[in-house]
Number of protein chains: 2
Amino acid sequence: MHSFKDLVTGFNEQFSNRHFPEMPSSLYEPCEYFLTIGGKRIRPVLCLMGNELFDTIQPDAYKVANAVELFHNFTLVHDDMMDDASLRRGMETVHVKYNQSTALLSGDVMMIRAYEYLTGIGSGHIHKILELFNKTAREVCEGQQLDMDFEKQQQVLLNDYIQMISLKTSVLLAASLAMGAIIGGAGEGNCGHLYEFGKNLGIAFQIQDDYLDAFGDPGKFGKEVGGDIKQNKKTFLLLHALEVASDEQRKQLEQLMAENPADKIEQVLAIYRSCGVDAWANTLKTQYLNTALKHLEDIAVVSARKQPLKELADYLIQREV
Amino acid sequence: MHSFKDLVTGFNEQFSNRHFPEMPSSLYEPCEYFLTIGGKRIRPVLCLMGNELFDTIQPDAYKVANAVELFHNFTLVHDDMMDDASLRRGMETVHVKYNQSTALLSGDVMMIRAYEYLTGIGSGHIHKILELFNKTAREVCEGQQLDMDFEKQQQVLLNDYIQMISLKTSVLLAASLAMGAIIGGAGEGNCGHLYEFGKNLGIAFQIQDDYLDAFGDPGKFGKEVGGDIKQNKKTFLLLHALEVASDEQRKQLEQLMAENPADKIEQVLAIYRSCGVDAWANTLKTQYLNTALKHLEDIAVVSARKQPLKELADYLIQREV
């Protein structure tokens, strides 16, 4: 059994090779550029971990891992266009460094490259893998569309937001694990539990991310604290605050969002605290984490094999923040 | 054996059903909209014809046909964004009717849907089909990138232009035929000849398209004659004219392109005629058509089975224009 960290190293060793032909360089150089600016490689490594839960790691698991990472990077290139983001991991995004058309096409060709890796999978598993991959890919697009729709809506229900987050980010984590398990020969029951482990862990992680953006220690968090509040971004915290706030607090919140005063972050945080949003977020996160761990427990393999996934969950989700 | 026309009807019968879920409608309605605005369905029907050349039409051929048509429409949605085209088949393009982000994501999800159809192909053929589909999909992206690169370049060699046209439009026609043949159980030799038939026919068609844009009968052509000249579009005609023109004619051409006088179309056409570009284009077209027909001849099936493809070639490429 390998730790998450070991598997990141192993994955990167083969992933750092070129994935595209040299020519036309106007199409493929932007792809290679974007793949080299890094990323945590969580999804492909989850695929390897899902595989190793049931078997020694198979060559086909690396193909799925590469496909998942290429697909993820395709979504980032296109999402950056939609959000008009100029930086990603501290580096210029593709549409800024090159141009919109190149980013559009580079993204397209990264998705096709993902399918080229999947095409290498043996006959025994290819149909199951493609079915799950396609379904997940479509769901990720649905999540991105819902995210954009929600940003334009006045009111978004918390449950709809959770569904959107689940589609936009969690299902790919879940599917990465489950595809690894399929390659490892796991049955439907075990694959299902592993999928739910990943999906619930992903939601817990997103709740934590929203929490840290508002309440995190600026030194540890690595991003500017309060960024979401500054941008009026719909988050778990804001949606819950709008649901539980008194009429007066809700009016205050809406006024702060409309007027953007200099002390907006402090004032919004004060309302969040007085509504108990911070404690609520921690409770909700713990609920999703516990659901994830329960599904991990229910997988029918010896406990020792689950250790790396348990450690990963502990590493990703801090119990005390 | 069925004619092209019969197969268009048969294809459309099943293709006119919905391809996407109802929700989220903000993502899927634009996809359905774009698919219903029509199109000649040449590529999917080529797939059915490729299949029927070797066998009765198999259910898997319809899956490939649907995938090819969805992929083609995905490229149109994204190409329209890159060209900032506002109309397609007389109807609003997706990024104009909705918005850029929706067009980006709708295109993405149409490509994924194409792969969903391919995933339904049986174990016997799925690897071969995916390999050819992926390769072709990547080549189409390369062709689009080269097309954009060439528009910015001062000089483009005719051979590079032919290579670009081949990637951008012909390989998908060729692959559609060949994938149908694969489903029909054809061997590599026959698939190769059918692929070359489609590829050369596609190039002949493009030469004819460029020719008709300049020299066509306005009543028959259906588009404004001289549109390419007006836009300084690089075409077979312009590139050849620039290669064979005298220094003085080349200067004149470049001046006309820079200054856009009111009688630009007439003046450019006069130069084309005096360089013999019109006769040259007809000869080149006939060469590609004959190469295509030679490959069709070399396919090892009885001649009668080839009749619908011969008729299609006759219909697409007029010997006298």
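The values are calculated or read from the model by the stated rules, or taken from the named source; none is laboratory data. Everything quoted here is computed from the prediction, not taken from an experiment. Neighbour counts are summed over all protein chains in view; Cβ atoms, including those assigned to glycine, are modelled from backbone coordinates with ideal geometry.
For the reader, a short list of remarks on this structure follows.
- Residue check for residue A:22: among the acidic types (Asp, Glu), surrounded by fewer than 19 Cβ atoms within 10 Å (Cβ to Cβ) and in contact with a His (Cβ under 8 Å, 6 or more places away or on another chain): no
- Condition check for residue B:121: part of a loop (DSSP other than H, G, I, E, B), β-branched (Val, Ile, Thr) and within 10 Å of chain A (Cβ to nearest Cβ): yes
- Taken residue by residue, the stretch B:161-169 has at least one member that is at pLDDT 95 or above, small (Gly, Ala, Ser) and under 30 Å from residue B:30 (Cα atoms).
- Inside the stretch A:136-156, residues that are crowded, with 17+ Cβ neighbours inside 10 Å and in a loop (DSSP other than H, G, I, E, B) make up a count of 1.
- Filter result for residue A:277 (within 23 Å of residue A:170 (Cβ to Cβ), hydrophobic (A, V, I, L, M, F, W, C) and either surrounded by fewer than 18 Cβ atoms within 10 Å (Cβ to Cβ) or free of Cβ contacts under 8 Å to residues at least 12 places away in the same chain (or both)): no
- The lone exception for residue B:213 - which of (1) under 30 Å from residue B:47 (Cα atoms); (2) surrounded by fewer than 17 Cβ atoms within 10 Å (Cβ to Cβ); (3) without any contact (Cβ under 8 Å) to a residue 24 or more places away in the chain it fails: (2)
- Among the residues of the stretch A:113-127, those that are of a type in the set (Gly, Ala, Ser) and crowded, with 17+ Cβ neighbours inside 10 Å comprise A:114, A:120.
- Qualifying residues in the stretch B:90-130 (those that are closer than 20 Å to residue B:51 by Cβ and β-branched (Val, Ile, Thr)) - the one nearest to the chain's Cα centre (by Cα): B:129
- Number of the exception - residue A:133 against (1) farther than 23 Å from residue A:295 by Cβ; (2) more than 14 Å from the chain's Cα centre (by Cα); (3) crowded, with 17+ Cβ neighbours inside 10 Å: (1)
- On inspection, residue B:59 fails the criterion of being crowded, with 24+ Cβ neighbours inside 10 Å and either at pLDDT 95 or above or touching an Asp or Glu at 6+ places or on another chain (Cβ under 9 Å) (or both).
- Residues of the stretch A:37-56 that turn out to be closer than 21 Å to residue A:90 by Cα and at pLDDT 95 or above, as a count: 3
- Consider the stretch A:93-108 and keep the residues that are within 7 Å of chain B (Cβ to nearest Cβ) and surrounded by 24 or more Cβ atoms within 10 Å (Cβ to Cβ). The one that is nearest to residue A:138 (Cα to Cα) is A:108.
- Residues that are within 18 Å of residue A:286 (Cα to Cα) and out of contact with any helix residue (DSSP H, G or I) (no Cβ under 6 Å at 6 or more places or on another chain) were ranked within the stretch A:187-216; the one that is modelled with the highest pLDDT is A:209.
- Flag for residue B:88 being modelled with pLDDT under 95 and touching a helix residue (DSSP H, G or I) at 6+ places or on another chain (Cβ under 7 Å): yes
- Single residue of B:306, B:294 found to be part of a helix (DSSP H, G or I), more than 25 Å from residue B:160 (Cα to Cα) and basic (Lys, Arg): B:306
- When residue A:219 is tested against (1) assigned to a helix (DSSP H, G or I); (2) more than 19 Å from the chain's Cα centre (by Cα); (3) closer than 22 Å to residue A:42 by Cα, exactly one condition is not met: (3).
- Conditions (1) within 24 Å of residue A:171 (Cβ to Cβ); (2) facing another protein chain (nearest Cβ under 10 Å); (3) touching a Pro at 6+ places or on another chain (Cβ under 9 Å): number failed by residue A:114: (3)
Okay, residues lined up against (1) touching a Phe, Trp or Tyr at 6+ places or on another chain (Cβ under 8 Å); (2) aliphatic (A, V, I, L, M):
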| residue | (1), (2) |
| --- | --- |
| A:132 | no, yes |
| A:138 | no, no |
| A:148 | no, yes |
| A:154 | no, no |
| A:160 | yes, no |
| A:187 | no, no |
| A:196 | no, no |
| A:205 | no, no |
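- Put simply, of A:77, A:64 the only residue that is at pLDDT 95 or above, closer than 30 Å to residue A:100 by Cβ, β-branched (Val, Ile, Thr) and surrounded by 21 or more Cβ atoms within 10 Å (Cβ to Cβ) is A:77.
- Residues located in the stretch A:168-210, provided they are assigned to a loop (DSSP other than H, G, I, E, B) and surrounded by 22 or more Cβ atoms within 10 Å (Cβ to Cβ): A:184, A:186
- The set of residues in the stretch A:178-207 being of a type in the set (A, V, I, L, M, F, W, C) and more than 20 Å from residue A:61 (Cα to Cα) consists of A:201, A:203, A:204, A:205, A:207.
- Pairs linking a residue in the stretch A:134-150 that is touching a residue at least 40 places away in the same chain (Cβ under 8 Å) and more than 9 Å from chain B (Cβ to nearest Cβ) to a residue that is outside any helix (DSSP H, G or I) and surrounded by fewer than 22 Cβ atoms within 10 Å (Cβ to Cβ), with Cβ atoms under 6 Å and 6 or more positions apart or on different chains, are A:150/A:156; A:150/A:234.
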